[in-house]
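Encoded as structure tokens, the structure appears first; notes follow it.
Readers should treat all values here as calculations from the given coordinates under stated rules, not as data from a laboratory. As the structure is a computational prediction, the values presented were derived from the model and not from experiment. As a convention, Cβ positions derive from the backbone with ideal geometry for all residues, glycine included, and neighbour counts pool all protein chains shown.
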Amino acid sequence: MLTSLATVLTHASLHSSFPGATGLNEVSGGSYARKAISHSAPSAGAMDITASQLFDVPAGATVGWIGGWGALTAGTFYGYAPNGATTINEFTADAATDVITSPAHGFSDTQTIVFYGGTPPAGLTEGTIYFVRDATTDTFKVAATSGGVAINLTSAGSNQCVVSRIVVETFVGAGQVNVTSFANNLNLA
């Protein structure tokens, strides 16, 4: 499956906000364009792009997500990853305490994170940016604002949902984003 994916996921894109299953919110304007990508051989159930890609971003654009496509224009959307994500973390959520457990997650208080790839714990919305609070090595809570109150979780969410760091960049003037890795949540269903 991963080998065939490398032959169909041929281009990367930038998105201003959560792209969902269809590639919504793609950046446009200026000299922005999707970039061709190629992949390393699958290893341990994963593969990565073989070379970084430098995207031109128009003035006024916001970049929060990276997408994967099967064509330079239009085409099939195959998946996404939060901009700035260095790891994809599995987790469990305790609705009684609002505590999320993710061993050695690496998050610290006030960092921005996002839940995606499945149904997040009730009280949270997939693709929405949250702030870490009460972080320990293996646990944390989330808030809607930096330093805000912990969100009340009322269910654990699905096993497919993951959590990652996200870095949203807003460009006052034209700029560039260098995508050096693309560890994505694939939309192959």
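Work out the length of the dipole vector of the chain about its Cα centre, built from +1 on the beta-carbon of each Lys and Arg and -1 on the beta-carbon of each Asp and Glu, and round it to the nearest 20 debye.
Charge dipole, the chain, about its Cα centre: 320 debye, nearest 20.
For Gly84, which sequence-distant residues (separation of 5 or more, or a different chain) have an amide H within less than 5 Å of its own amide H, given hydrogens modelled in the peptide plane?
Val167
Any idea how far apart Thr101 and Ala150 come out in nm if each label point goes 7 Å out from Cα toward Cβ?
Simple spin-label model gives 1.4 nm for this pair.
Quantify how much of the Cα-Cα distance distribution of the chain extends past 20 Å, in percent.
54
Report the full-extension gain for the segment Asp48 to Val8: residue separation times 0.36 nm, less the Cα-Cα distance, to one decimal in nm.
Between Asp48 and Val8, full extension yields 13.0 nm more.
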